[in-house]
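Rule-based calculations on the coordinates, nothing more; no lab input. Everything numeric in this text was worked out from a predicted model, so none of it was measured.
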Amino acid sequence: MVGSLEFCTGALGSRLVLVLGHTKCGAVYGATKTYLAGDATKAGSALQGLLQDLGSVAQQAQQELGPDADGDAIAAHAVKVNVFHTMGFLLKFSESLREGVRSGKIQIHGGIYHLETGNVEFLGQSPLQAELLESGISVPPSMLAGGQEADHGVHGVRTGADATVKSDEALRLLKDGNERFAAGAPTAAVTSKDMRKALVKCGQAPHSAILGCADSRVPVDLSLIHISE
């Protein structure tokens, strides 16, 4: 999500980001129901990790409406809370978006599309924007796979100088790298002259051999975010 918006605002020149929620959102209503029932959900994928955050959205919605609010009212309000939550996520974890907002080149606004009428309720900018612009974080904690770093090798790229990676560990690296790609939070560095020299001197040593579709719309080396290097 963050990576896609950075592409739109950078390569495509878009200057307005509109975070648009909608009424009767199944994900928000489901997460609210789960929260109110006291059920805990364990994240098993990048998407589930992001959806898990909706529990805090439901909690905030309940607190704002008070103890007498029923489940449907809380879920409906949680849609609005989630729009501001998403705006905060973007500002908190993307330095390029923060810089664009600071300079006045980019604005991030929220809105809710009402399914019943077709009208969009424009919510404006985040009331916490000034605070969020002070963030120095670039990678969402849930995308760090328990805080484990990617294996980029002793030269910044995997070569024959690096130890052999066991198959279970290689699979973890692939999964972790894809989570970062899906979240728009890559950690791989741009290939440098020193990396190329190390590859010539020490030879390539990818930890995995990947067979992919020749007609793939996303190159495997991008979707797995260079962790095979």
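Listed values, structure above:
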{"item": "21 Å Cα-Cα reach of residue 92 towards lysines, excluding residues that sit fewer than 8 places from it in its own chain", "result": "80, 105"}
{"item": "Extension gain (nm, one decimal) between residue 105 and residue 73, 0.36 nm per residue minus Cα-Cα", "result": "7.8 nm"}
{"item": "Interchain or long-range residues, amide H under 5 Å from residue 159's placed H", "result": "154, 205"}
{"item": "Volume in Å³ per residue [convex hull over Cα atoms, computed for segment 61-124]", "result": "101 Å³"}
{"item": "Karplus (6.51, -1.76, 1.60) ³J(HN,Hα), θ = phi - 60°, over segment 160-169, in Hz, Gly and Pro reported as x", "result": "x, 7, 8, 5, 5, 9, 5, 4, 5, 5"}
{"item": "Relative contact order (%) - segment 83-143, alpha-carbon pairs under 8 angstrom, separation at least six", "result": "41 percent"}
